[in-house]
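The values are calculated or read from the model by the stated rules, or taken from the named source; none is laboratory data. The model shown is predicted, which means the values in this text are computed figures rather than measured ones. Here the Cβ positions follow ideal geometry from the backbone for every residue, glycine too, while neighbour counts run over all protein chains shown. What goes into the accessible areas is simple: the full protein's heavy atoms, side chains included, and nothing from ligands, DNA or RNA. Shrake-Rupley method; radii C 1.70, N 1.55, O 1.52, S 1.80 Å.
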Amino acid sequence: MKRPKRVESVVTYKNWISEKAIKISIDHVRPQEVPFEAGQFISLRVGEGKYRAYSICSNPGDIRKMDLVADAKHMGVGASYIRNLKLGDIVNFIGPSGKFRLRIPFAENLHFFSTGTGIAPFIAMFHELAFRKYQGKIRLYHGIRHKNDALFLTALHNFRESLPCFDYQIYVSQDENCDKYNQGRITNVLSALEKGDNSHYYLCGNPNMVMEVKRSLLDKGIRENQIFFEGFTYAVS
Ligand SMILES: Cc1cc2nc3c(=O)[nH]c(=O)nc-3n(C[C@H](O)[C@H](O)[C@H](O)COP(=O)(O)OP(=O)(O)OC[C@H]3O[C@@H](n4cnc5c(N)ncnc54)[C@H](O)[C@@H]3O)c2cc1C
């Protein structure tokens, strides 16, 4: 497990990648290399004594930089800080942190459930699986409210090329007549999901979704030690 340290980095990319989310890339300055495991997060300094958790969504093979994706439309200290960042700005963080990571040995089937920016750590995990030439089946079920909230569509498309058995389904819960994606919530897939002994289940995003999916998986007879999760709880300060 990579241990957290204090890091100073410079913003090299910033863009809105959906109606609600901004992606930033940072290059590390001090130290210049920060190894991390796919699934970990950083605590970004967003004000005097204020830190906010953001998962790393870049390829863990590149330890000189990190990508983050943040919900940035709401009125929060972290959201406003990220909205106001400019290219060349220096940012400070403590990290990497967290124990949410791919479990080795890998199971034959990997199921990923995410909502919103909860997809972020999975993008890093898919890079890791591609690097390790994982041959098993990967299914991502990703929930968003509106079709314009979709994230990482190009990356997901590319993972279909770099991973032999990768597929994903996007569920839109609040737009009707959306022919591009499935209508409804990702919990819709649970009833049809086969109980697999050689499967691992990763859940990330809205804490209510995480708890609901976890409960349903346990009800199906899936064991607790097959399920790994991270709830994107809001900061309290
Ligand atoms: C381990 C971990 C990893 C995380 N990774 C990410 C990540 O990669 N990307 C990401 O966007 N978030 C991530 N989060 C969630 C993020 O840290 C919180 O949403 C945080 O509260 C945002 O801080 P803020 O200062 O913008 O809002 P706060 O000051 O904490 O909250 C201000 C107000 O905004 C509301 N609010 C907070 N967050 C949201 C939101 N996302 N959407 C709508 N309203 C909100 C709060 O309820 C409150 O009313 C992660 C959380 C954890 C625990």
Next item on the list: Scan the chain and hand back the longest stretch that contains none of the GluC sites (Glu not before Pro) lying in DSSP loops with at most 16 other Cβ atoms within 10 Å.
Entry: 109-175
Margin query: Among the listed pairs Lys2/Lys147; Lys137/Lys214; Lys14/Lys147; Lys133/Lys214, which have their C-alpha atoms separated by more than 30 angstrom in this model?
Written below: Lys2/Lys147
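Roughly to the nearest percent, how much of the accessible area of the range 115-229 is carbon and sulfur, given a 1.4 Å probe?
44 percent
Can you give the convex hull volume per residue for the Cα atoms of the chain, as a whole number of Å³?
Per-residue hull volume (Cα only) is 123 Å³.
Rolling a 1.4 Å sphere over the protein heavy atoms, what is the accessible area per residue of the chain, to the nearest Å²?
On a per-residue basis, the chain sits at 50 Å².
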Checklist line | Filtered trypsin sites (Lys or Arg not before Pro), the range 1-30: DSSP coil and at most 16 other beta carbons within 10 Å | finding: Lys2
Item checked: His157 - accessible surface, heavy atoms, 1.4 Å probe, Å² rounded to 10 -> 100 Å²
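If you take every DSSP beta bridge whose two residues both sit in the chain, what share of them, in percent to the nearest 5, is antiparallel?
Working: 31 of 58 bridges.
Within the chain, antiparallel bridges account for around 55 percent of the total.
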Checklist line | Unit charges on C-beta of K, R, D, E only; dipole of the range 152-210, Debye | finding: 120 debye
Note to self: Heavy atoms of the protein only, probe of 1.4 Å, neighbouring chains included. What is the accessible area of Arg52 in Å², nearest 10?
What the structure shows: 40 Å²
Next item on the list: State log₁₀ I(q)/I(0) for the range 119-184 at q = 0.26 Å⁻¹ as given by the Debye formula over alpha-carbon point scatterers of equal weight, solvent excluded.
Entry: -1.11
Next item on the list: Multiply the residue separation of Gln169 and Lys220 by 0.36 nm, subtract the distance between their alpha-carbon atoms, and state the gained length in nm to one decimal.
Entry: 16.3 nm
Notebook entry, point to check: Which of the aspartates and glutamates could a cross-linker span from Lys50 if the Cα-Cα distance has to be under 20 Å and same-chain partners fewer than 8 positions apart are dropped?
Noted result: Glu8, Asp71, Asp89
Next item on the list: Report the residue, chosen from Val69, Val189, Val34, that carries the largest GNM mean-square fluctuation when the chain is represented by alpha-carbon nodes joined by springs under 10 Å.
Entry: Val189
Next item on the list: Rounded to the nearest 500, what is the 222 nm mean residue ellipticity of the chain from helices alone, with -39500 (n - 2.57) per DSSP H run of 4+ residues and division by all residues?
Entry: -5500 deg cm²/dmol
Checklist line | Cross-link partners of Lys195 among aspartates and glutamates (Cα-Cα below 14 Å; sequence separation of 8 or more within a chain) | finding: Glu108, Asp219, Glu224
Next item on the list: Pick out, from Trp16, Tyr171, Thr187, the residue whose Cα sits farthest towards the positive end of the charge dipole of the chain, with +1 on the Cβ of Lys and Arg and -1 on the Cβ of Asp and Glu.
Entry: Trp16
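When Rg is the radius of gyration of the Cα atoms in the range 21-158 and Rh is its Kirkwood radius, what does Rg/Rh come to?
Taking Rh as the inverse mean 1/r over Cα pairs, Rg/Rh reads 0.96.
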